[in-house]
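In what follows, a single structure is set out as structure tokens and then discussed.
Read the figures in this text as sums done on the coordinates, not as results from a lab. Predicted model only: the values in this text are computed from it and were never measured. In this analysis, Cβ positions are derived from the backbone assuming ideal geometry, glycine residues included, and neighbour counts consider all displayed protein chains.
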Amino acid sequence: MTENNKKKVLLVDDEEYVLHSLKRLLLDEDYEVLTGVSGKEGLELLQGNEVAVIVSDHRMPEMTGVDFLEKARLISPDTVRIILTGYADVTAAIDAINRGGAYKFITKPWDQGDFMRVVSDAVRQYETVKALRSSDEGALLSLAQAVELKDPYTRGHCERVADYALIIAGSLGLPEELKKDIKHGSWLHDCGKIGVPDAILNFNGPLYKEQLELVKNHSRWGANMASLARLPQAAVNVILYHHERYDGCGYPAGLKGGDIPLEARIAAIADVYDALTSDRPYRLKMDELQARELMLSQKESHFDPKLMNIFFNEIACLKTDVI
Ligand SMILES: [Fe+2]
Ligand SMILES: [Fe+2]
């Protein structure tokens, strides 16, 4: 990594040995590290640097870690904030999350592997939110494509999901603005997979319960990043609710029927249809007819039946080479 590409991590702790040992860990992983021995120093460093992640101790004289994070949030809202607390300091951890908008808390003494994982996830979140903040469509699409690279089987998936979703949206005569949000939400529906380890995403077999939970978290993570980037609500809804099912047995919220936002009910159909008609590590792709039959058999349990009819009527009218 060149000096310019290195992500900056700001460490704030009044104990020099803590700064020293955390700094050593981070330098090994090629981060650029800034250190401050007080909240005041931390704030000064934040003024003059683009910092991806802050790791701050809580118990410090003059300014507590929570107070520091609260101020840091105003100076640099996108910087991801992590607090270090003692084992028994639950109140500080909760305060840090509520008041300082902390992303995670790490208890002292920390496990080196856990610490590095939390920091690298935080850096990834920072980069993703920055990319999502871009008003340029090209940047949004390249972010979606970067997520697809984690799983080669999904190449082109997000664009096809958007194309299918827009077929339904077009048939419903939805306003242009909403169609744009549906397109962007569909591109980015799986952007939370950026937080799922590659080994799990590409695992060729059934996943353990905990691994499955990690994968399932992608809709919340993605939606959280999209909200932080202030994407329109309809786009966030697509990301958050694209795995809800019409019968209420989906995730993450278990919403049912019309409680699932329309844009997410549309994207769910587009997502599953494309998944079925593409090769996946665990099965070969189905042809259009097989996919249609399977999905129609799940009409009313998995999908909005009215939207399903619209979708299959519309694609029947189109030649398969168009889709
Ligand atoms: Fe998904
Ligand atoms: Fe998907």
Subject >> Filter result for Ile194 (hydrophobic (A, V, I, L, M, F, W, C) and away from ligand 1 (no atom under 14 Å from the Cβ)) >> reply: no
**OP:** Considering only the range 201-241, state which residues are more than 16 Å from the chain's Cα centre (by Cα) and under 16 Å from Val147 (Cβ atoms).
**Re:** Asn202
**OP:** Go over the candidates Leu84, Leu11, Leu25, Leu69 one by one and state the one that is surrounded by 23 or more Cβ atoms within 10 Å (Cβ to Cβ), touching a residue at least 60 places away in the same chain (Cβ under 8 Å) and not β-branched (Val, Ile, Thr).
**Re:** Leu84
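Restricting attention to the range 175-191, and to residues there that are within 12 Å of ligand 1 (Cβ to nearest atom) and not in a helix (DSSP H, G or I), which single residue is surrounded by the most Cβ atoms within 10 Å (Cβ to Cβ)?
His189
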Original post:
Can you pull out the residues in the range 268-300 that are farther than 27 Å from Ala235 by Cα and among the polar types (S, T, N, Q)?
Top reply: Gln290, Ser297
**OP:** May I ask you to verify whether Thr107 is of a type in the set (Ser, Thr, Tyr), surrounded by fewer than 17 Cβ atoms within 10 Å (Cβ to Cβ) and on the phi < 0 side of the Ramachandran plot?
**Re:** yes
Subject >> Number of positions in the range 246-305 that are of a type outside the set (A, V, I, L, M, F, W, C), more than 22 Å from Gly185 (Cα to Cα) and away from ligand 2 (no atom under 16 Å from the Cβ) >> reply: 11
Original post:
Name the residues in the range 90-137 that are charged (D, E, K, R) and part of a helix (DSSP H, G or I), would you?
Top reply: Asp95, Asp114, Arg117, Asp121, Arg124, Glu127, Lys130, Arg133, Glu137
